[in-house]
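A.B. asks: I'd like to ask you about the structure that follows.
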Amino acid sequence: MTPNPYLWLIPVLPLAGAAINGFFGRHSSKKAITTIALIFPGAAFLLALFIASRFSSASAPYYYDLAQWIRSGSFHADFSFYLDQLSLVMLLAVTGVGFLIHIYSVGYMWDDDGYYRFMSYLNLFMFFMLTLVLAKNYLLMFIGWEGVGLASYLLIGFWFVKDSAASAGKKAFIVNRIGDFGFLIALFLLIKHFGTLDFTALFSKIQSMSPENAGVGLLTSIGLLLMVGAAGKSAQIPLYVWLPDAMEGPTPVSALIHAATMVTAGVYMVARSHVIFERAPTAMTVVAIIGTLTALFAATIGIAQTDIKKVLAYSTVSQLGYMFMACGVGAFSAGIFHLMTHAFFKGLLFLAAGSVIHGVGGEQDMRKMGGLRTYMPWTFATMGIATLAIAGIPPLAGFWSKDEILWRAFGVNWAYWLIGVVTAFITSFYMFRLMYLTFGGEYRGGPAAHDVKHQSADARAMHDKASHGGHGHGEPHESPWVMLGPLVILALLSLIGGFVGYGNRFEHFLATAFQSPAQEAVHEATENSVEYMLMGVSVSVAFLGWILAYLLYSRRPELPGRIAQSLGALYRAVSNKYYVDELYALLFVQPVVEGSSAILWKGVDQGVIDATVNNTADAARHTSDNLRHMQSGNIRSYAGWVAAGGAIVIAYMIWMGVR
Amino acid sequence: MGNLSNVPLSYYLVLSGILFACGVLGFLIKRNIITVFMSIELMLNGVNLSFVAFAAHWHHLSGQIFVFFVMVVAAAEAAVGLAIIIAVYRTRETLNVDQVNLLKL
């Protein structure tokens, strides 16, 4: 391991930006805010690039101990940073995509009153995300983990005067707490049994355990608890419900936090803990099953959504499922590969969706779009590339990573592969459905799509923008270049990003981090023909999905409605997201609310605590009320009391004397 | 003149008790503020009597010293008390304690 004194600067730079804008932004000019907000993450990105340029697959990990933090007996957790091939991939994805989204946000949020606040939160998010990625121990990682949760909460509820945004923020925060609880218990177990949370020390301890006392039960429970945490942060079954609601936030937030970076933290954490998972096969299986089911489940919900951002949200959940499927079958590098390409094309999809929403004046319902191809050609082109990429059309980025995952899953169990392929078909279908509804056909939105009350999350900002910018929304229009620039760059990355995986180069790059010596070589030699066959299948289902979407939404646009009608209850279940939210409300929320109201509020709080205080006060008041009558103002009654008092004292003394 | 030391102590004490009881009764029953005031003096003197009786009986001076103190205090009290009574009479134009009842809720 090589010390690298620049490592700590990468997370701290965005923190400085967040602090400056957060403290002084209210009274600064927008230009100054923009400069600060872009320079610091930009510098972090450049520093990451600089470090990456000197880092190869053979490099020993970098580390840097910044300061002592917690020392208690032999246990210690420090502010120390760590960079290996795995964190490098994450680092580049987070700083690179993050920086692009910062640029985009300048255009998107320019006219919002909370511009400085937004930029400050974004920088704060970058700080926590980079801390998470670069941490050398689980505890510092947990700080980043909680911090991105906080930033996510702040940004989902950015338009907090809107009730739905405020409660979506709360929902995200609370659901994440459930996951964090599992994560914390896993950390406690690690401390109790291994006495350290430092990655290097901990993993070498686990690896040096002899097979007999390998502690499979212990490692399995730790692995499962870590997975609970990952499921919360990365929106897997059963904790995925917060992510679709998180779309209440501004669109750049959805792109950065709820698609490209933060939600992949769970995948990163599982990959980082690969030493634990490799020794806990049961936990691995659970990870794979959860991932696979989530991928399919979320994809089916995505079919029936009409809100453009909700489709993308369920698509994100589904793609995260793929990544967990990869981790669960032991193909950690394939999962991280998909994480990276997904950051490109899903970030792009969200930014393009933001551009569309911007262009049509805040409308998010795809049924009121259509025909935007001619109005906003750049957005159409870039979003088209992203759609091809996510659908798995070769040679775009998504094809390489998804195919890698499916192939590796097939090697473990064909059921994973089958569900994965079905999901790939559905993915392709709903993404091209989105494209045809949005860009194909004729424009269906009225020119006066301006009634702010009935519009969705981003409408308010758009409304402000429209009135300030001086352009009405009679017709959809293309976005400014400050927004299109990031789209184009991400489109390029989605086009060519997959080629880093050509010939398993990506896997070899990560091999040092995952300590997995060329086990792929065996696969390659024996199963080349199988691999090509599987590739053929997944590509053809992608095209099938495209064709189906074309038939239904471009050739015969009246057909989907009739199909939906004939499916009846099934369609209603899907379009209502399988009533999962309602089920959770019934099973968890309602008992908690009613229990709190009946027992905690009316029972304990009102019945015991308030009652004690009130009754004490009442008793004192009643006693005084009675005693008050002594105070008659009549001197002779006072005299009487004095005499009575004297008599009592004398009687007492006599009685004592007699005794 | 008969020898006072022939009179038993209990006589003095009974007389002292009677004087004190008269004072208490007057203090409680009388409405005229001056009478009440005099009743207080009566109680003080009842106590004084028992003090000197004990002092003579035990051949001890401290009881008599106490009586001087009480008399000084009583004199001071009489001066202040009578001044208050005059002030009360000037404002309320009555000496009936039942009508001097502003000190209440």
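The values are calculated or read from the model by the stated rules, or taken from the named source; none is laboratory data. In this text, all values refer to a predicted model and were calculated from it rather than measured experimentally. With ideal geometry, Cβ positions are generated from the backbone for all residues, glycine too; neighbour counts draw on all protein chains shown.
A.B. asks: What's the number of the condition B:V97 fails, among (1) within 25 Å of B:V7 (Cα to Cα); (2) touching a residue at least 12 places away in the same chain (Cβ under 8 Å)?
C.D. replies: All conditions are met except number (1).
A.B. asks: Something else now. Any idea which of A:Y652, A:Y638 is more than 60 Å from the chain's Cα centre (by Cα) and more than 29 Å from B:D98 (Cα to Cα)?
C.D. replies: Only one candidate passes the filter, namely A:Y652.
A.B. asks: So for region A:530-552 (the condition being at pLDDT below 90 and outside any helix (DSSP H, G or I)), does at least one residue qualify?
C.D. replies: Within region A:530-552, none of the residues are at pLDDT below 90 and outside any helix (DSSP H, G or I).
A.B. asks: Then there is this: List the helices (runs of 4 or more DSSP H) that sit entirely inside region A:571-659 and contain at least 1 residues that are modelled with pLDDT under 90.
C.D. replies: Of the helices (runs of 4 or more DSSP H) lying wholly inside region A:571-659, those with at least 1 residues that are modelled with pLDDT under 90 span A:580-584, A:611-627, A:635-658.
A.B. asks: Right, next: Please give the helices (runs of 4 or more DSSP H) falling wholly within region A:134-245 in which 2 or more residues are of a type in the set (G, A, S).
C.D. replies: Output list reads A:138-156, A:163-194, A:199-208, A:216-233.
A.B. asks: Select, from A:I336, A:I393, the only residue that is closer than 26 Å to A:L510 by Cβ, assigned to a loop (DSSP other than H, G, I, E, B) and of a type in the set (A, V, I, L, M, F, W, C).
C.D. replies: So the residue among A:I336, A:I393 that is closer than 26 Å to A:L510 by Cβ, assigned to a loop (DSSP other than H, G, I, E, B) and of a type in the set (A, V, I, L, M, F, W, C) is A:I393.
A.B. asks: Out of all the residues in region A:52-66, is one or more assigned to a helix (DSSP H, G or I) and not β-branched (V, I, T)?
C.D. replies: yes
A.B. asks: Continuing with this model, one more query. Out of B:F37, B:F27, B:F54, I need the residue that is in contact (Cβ under 8 Å) with a residue 24 or more places away in the chain, assigned to a helix (DSSP H, G or I) and under 22 Å from B:I86 (Cα atoms). Which one?
C.D. replies: The conditions single out B:F37.
A.B. asks: Do we have any residue at all in region A:250-272 that's more than 12 Å from the chain's Cα centre (by Cα), under 22 Å from A:S318 (Cα atoms) and outside any helix (DSSP H, G or I)?
C.D. replies: For region A:250-272, residues more than 12 Å from the chain's Cα centre (by Cα), under 22 Å from A:S318 (Cα atoms) and outside any helix (DSSP H, G or I): present.
A.B. asks: Filter region A:71-89 down to the residues that are of a type outside the set (F, W, Y), surrounded by fewer than 20 Cβ atoms within 10 Å (Cβ to Cβ) and within 28 Å of the chain's Cα centre (by Cα) and list them by number.
C.D. replies: Answer for region A:71-89, where residues must be of a type outside the set (F, W, Y), surrounded by fewer than 20 Cβ atoms within 10 Å (Cβ to Cβ) and within 28 Å of the chain's Cα centre (by Cα): just A:D78.
A.B. asks: Restricting to region B:72-85, count the residues that are loosely packed, with under 11 Cβ neighbours inside 10 Å and closer than 16 Å to B:I33 by Cβ.
C.D. replies: Here the count works out to 3.
A.B. asks: For region B:19-48, which residues satisfy the criterion of being surrounded by 20 or more Cβ atoms within 10 Å (Cβ to Cβ), in contact with a Ser or Thr (Cβ under 7 Å, 6 or more places away or on another chain) and within 10 Å of chain A (Cβ to nearest Cβ)?
C.D. replies: Matches in region B:19-48: B:F27 only.
A.B. asks: So, of the residues in region A:373-382 that are in contact (Cβ under 8 Å) with a residue 60 or more places away in the chain and assigned to a helix (DSSP H, G or I), which turns out to be surrounded by the fewest Cβ atoms within 10 Å (Cβ to Cβ)?
C.D. replies: Across region A:373-382, the extreme among qualifying residues is A:P377.
A.B. asks: Report every pair of residues separated by at least 6 positions or lying on different chains whose Cβ atoms are under 6 Å apart, first residue within region A:616-637 and at the interface with chain B (Cβ under 10 Å from one of its Cβ atoms) and at positive phi, second surrounded by 11 or more Cβ atoms within 10 Å (Cβ to Cβ) and modelled with pLDDT under 85.
C.D. replies: Pairs that qualify, where the first residue is at the interface with chain B (Cβ under 10 Å from one of its Cβ atoms) and at positive phi and the partner is surrounded by 11 or more Cβ atoms within 10 Å (Cβ to Cβ) and modelled with pLDDT under 85, are A:G633/B:N101; A:G633/B:L103; A:G633/B:K104.
The rows are residues; the columns are (1) of a type outside the set (D, E, K, R); (2) crowded, with 17+ Cβ neighbours inside 10 Å; (3) within 11 Å of the chain's Cα centre (by Cα).
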residue: B:G17; (1), (2), (3): yes, no, no
residue: B:S50; (1), (2), (3): yes, yes, no
residue: B:H60; (1), (2), (3): yes, no, no
residue: B:V70; (1), (2), (3): yes, no, yes
residue: B:A87; (1), (2), (3): yes, no, no
residue: B:N101; (1), (2), (3): yes, no, no
